[in-house]
Amino acid sequence: MPVVVLLALFVGVPLVEILVFVEAGAWIGGLATVGATLATAAAGAILFRRQGTAALARARESLRRGEAPLAEALNGAGLVAAAACLFVPGFVTDAFGFLLFVPPLRMFLAALAARPLLARGAAFRVGGFAGGPPGGDVIDGEYENITPDTGADRDGDGGGTNGGPPPPRPPRTRSGT
């Protein structure tokens, strides 16, 4: 992540939240502002529990059918982000958190977040848990290494042959006694 984005997140968001808190406190009063903050955290916990258990049930069902629950994992990550936004005190993060509890918007944002992973070459395979590979045949066979033995130690066991025991060492002799 660029430094500017991190700076905006860790400095800019709290500053905006403080400004909104001051304005809300001046408009509805300090006690009502604290109460509203606690109410949004409680609402986030309730929404997270309901939607989270439903997402977990869908993921279990996908696994039972032998499918990879990629959509459910992205959905769950969006739910965790939504709950985190609602637990952080502030009305701006609460608004973003409540938006993340809207399933179509959450899945759209999760797909946007997953796009860079896919562009960098991260491979996600859907299916294939129930048996072999999802789109191909398994070819079973045997092989034999026909590489000529040059005496070089290619397998790293200290021997000069490819996979056999090391050659015998010459006997030790004492000199100068």
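What follows is calculated from the coordinates using simple rules that are stated; it is not laboratory data. Computed from a predicted model, the values in this text were never measured in an experiment. Heads up, the Cβs are rebuilt from the backbone with ideal geometry, glycines too, and the neighbour counts pull from every protein chain shown.
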Rounded, prolate or oblate (a/c below 1.5 giving rounded, otherwise prolate when a/b exceeds b/c) for region 1-126 by Cα gyration tensor: oblate
Listed residue (ALA95, GLY52, SER62) projecting farthest to the positive dipole end of region 39-106, Cβ model: SER62
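Which value in Å does the Kirkwood hydrodynamic radius of region 46-118 take, with 1/r averaged over all unlike C-alpha pairs and then inverted? Don't skip to the answer; put the middle values down first.
On the way: mean 1/r = 0.0790 Å⁻¹.
Evaluated on region 46-118, it is 12.7 Å.
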Label-point separation in nm, VAL5 to VAL92, each point 7 Å along Cα→Cβ: 1.8
Ratio Rg/Rh, restricted to region 1-73 and using Cα atoms, in which Rh is the Kirkwood radius: 1.22
Binned Cα-Cα distances of region 1-42, short to long, each 10 Å bin given as a whole percent: 28, 38, 24, 10
